[in-house]
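Single-structure report; data block below.
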Amino acid sequence: MARMRAVQVSRAGGDFELVERDIPEPGPDQVRIRVAACGVCHSDVIVKEGVFPVAYPRVPGHEVVGTLDKAGSAVAAWKEGERVGVGWHGGHCFVCNPCRRGHFHLCDKAAVTGLSHDGGYAEYMIASQHALARVPADLKFADAAPLMCAGITTYNALRNSGAQAGDLVAVQGVGGLGHLGVQFANKLGFRTAAISRGKSKEKLARELGADIYLDSDDGSIAEQLTALGGARVILATAPNSKAIAEVIEGLGPNGLLILAAAPGGTIEISALALIMRKRSIQGWYSGHARDSEDTLNFSVLRNVFPRVEIFPLEQVNEAYERMISNQARFRVVLEMLS
């Protein structure tokens, strides 16, 4: 049987292992993808460290793009040779209400790429046909990969936030998520403010499309936002509980704080800060396959692209370290070069 290279984790907290495996065969409702690129996302720590229950050994990776290599017997909507992508959402169960309605969620029935089944740190992977998104022909695979998680998370959150063109939308953090959030906010027509620390990020933030740059070294971000009239939406992309808690007062009436990053510990927020001005907080991650396809298409339409650092599969340890240490500028991608 033909063989492939894959990177697996054999136990919680274990090392990445570059191994050879048999190239898998798709079931009737599945496809096999020849992986071209896979993003290295902070959520991969779930498999690496066993944050959730995982059946090991497991191949991580949920920012996957490549070419449909083989389709199962029940697959009619997809053809071999198509450019496809798979994100965190690995397919519906079509049993519970969220799945029947096409809503993205996590449960023990819904498939999660790189968690409940093997992901894209490999030359080939198996995916449900219901998890697939078409990748536009003029989008490079290395650019498309981070859009399957970081891209869909920020774009989907902003387009569903209720903000309208011209509203003040602030993006807290200009990192792996934030540098995409700023671009999407600008291209969606919002008056875009980027929030970070220090003057060194201002030039980049404005290059990405920020109309306003707010430096936390200049004083309270909440006060700076209030002076601008208050934000309709704040998209929190930097996992810092204290920084997130401090921006809530910068929301205007009926303002929404969207949590797209998961800080450790709790976020302490005054109830009065929410009640008195009818503010709200919403958690957000990812979306389903159609959301992924929408993100890819909008990114091409409006020239929204991640800034990436590319590593070959055999350098997975270096790639993961760049990501987990927050040294990457701004997303890390594994390319399958063989």
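The values are calculated or read from the model by the stated rules, or taken from the named source; none is laboratory data. Predicted, not measured: the structure shown is a model, and the values here were computed from it. Positions of Cβ are generated from backbone atoms using ideal geometry, with glycine treated the same way; all protein chains shown enter the neighbour counts. Accessible surface is based on the protein model in full, side chains and every heavy atom, while ligands, DNA and RNA are left aside. Shrake-Rupley method; radii C 1.70, N 1.55, O 1.52, S 1.80 Å.
Give me the base-10 log of I(q)/I(0) for the chain at each q in 0.07, 0.13 Å⁻¹, Debye formula, one uniform scatterer per Cα, rounded to two decimals.
Each listed q corresponds, in turn, to -0.28, -0.95.
How would Thr113, Thr67 line up by accessible area, probe 1.4 Å, largest first?
Working: Thr113 0, Thr67 45 Å².
My answer, sorted largest first, is Thr67, Thr113.
Quick one: among Met125, Met276, Met148, which has the greatest mean-square fluctuation in a GNM of the chain with alpha-carbon springs under 10 angstrom?
Answer for the Gaussian network model of the chain: Met276.
Need one number: the % of Cα-Cα pairs in region 6-79 sitting beyond the 22 Å mark.
On the way: 905 of 2701 pairs.
Beyond 22 Å sits 34 percent of the P(r) for region 6-79.
Hey, what did the chain get for relative contact order, percent, Cα under 8 Å, at least 6 apart? Intermediate values should be presented prior to the final figure.
Values: 816 pairs, mean separation 60.7, N = 338.
Over the chain, the number comes to 18 percent.
Using a 1.4 Å probe and ignoring any ligands, DNA or RNA, find the accessible area of Cys149 and quote it in Å² to the nearest 10.
Counting only protein heavy atoms, Cys149 exposes about 10 Å² to solvent.
Per residue, how much space in cubic angstrom lies within the convex hull of the C-alpha atoms of region 181-315?
Spelled out: Cα convex hull of region 181-315, divided by residues, is 154 Å³.
If you average the C-alpha positions of region 180-194 and of region 274-338 separately, how far apart do those two centres end up, in angstrom?
About 16 Å separates the Cα centre of region 180-194 from the one of region 274-338.
Considering only protein heavy atoms and a 1.4 Å probe, what is the carbon-and-sulfur percentage of the accessible area of the chain?
Whole-percent figure for carbon plus sulfur exposure: 50.
I want to verify a result. In a Gaussian network model of the chain, Cα cutoff 10 Å, which of these has the top mean-square fluctuation: Gly255, Gly81, Gly119?
Judging by the Gaussian network model, the answer is Gly81.
Please enumerate, by chain and number, the aspartates and glutamates with C-alpha under 15 Å from the C-alpha of Lys242, excluding those fewer than 8 residues away in the same chain.
Asp217, Glu268
Just to confirm, what accessible area per residue do you get for region 174-246 at 1.4 Å probe, in whole Å²?
40 Å²
Starting from the Cα-Cα distance between Ala165 and Met1, subtract it from 0.36 nm times their residue separation and give me the gain in nm to one decimal.
Residue separation times 0.36 nm, minus the Cα-Cα distance, leaves 53.5 nm.
Which of Ile267, Ile258, Ile195 moves the most in a Gaussian network model of the chain with Cα springs under 10 Å?
Looking only at Ile267, Ile258, Ile195, the biggest GNM fluctuation is shown by Ile267.
Residues with amide H under 5 Å of Tyr124's amide H, sequence separation 5 or more or different chain, H placed in the peptide plane at 1.01 Å from N; which?
Answer set, sorted by chain and number: Val35.
Just to be sure I understand the curve: with the Debye formula and one point per C-alpha of region 177-236, what is log10 I(q)/I(0) at q = 0.18, 0.19 Å⁻¹?
Debye output, listed in q order: -0.57, -0.64.
Can you give the local net charge around Ala194? Use residues other than it whose beta-carbon is closer than 13 angstrom to its beta-carbon, Lys and Arg +1, Asp and Glu -1.
Around Ala194, the charge tally is +2.
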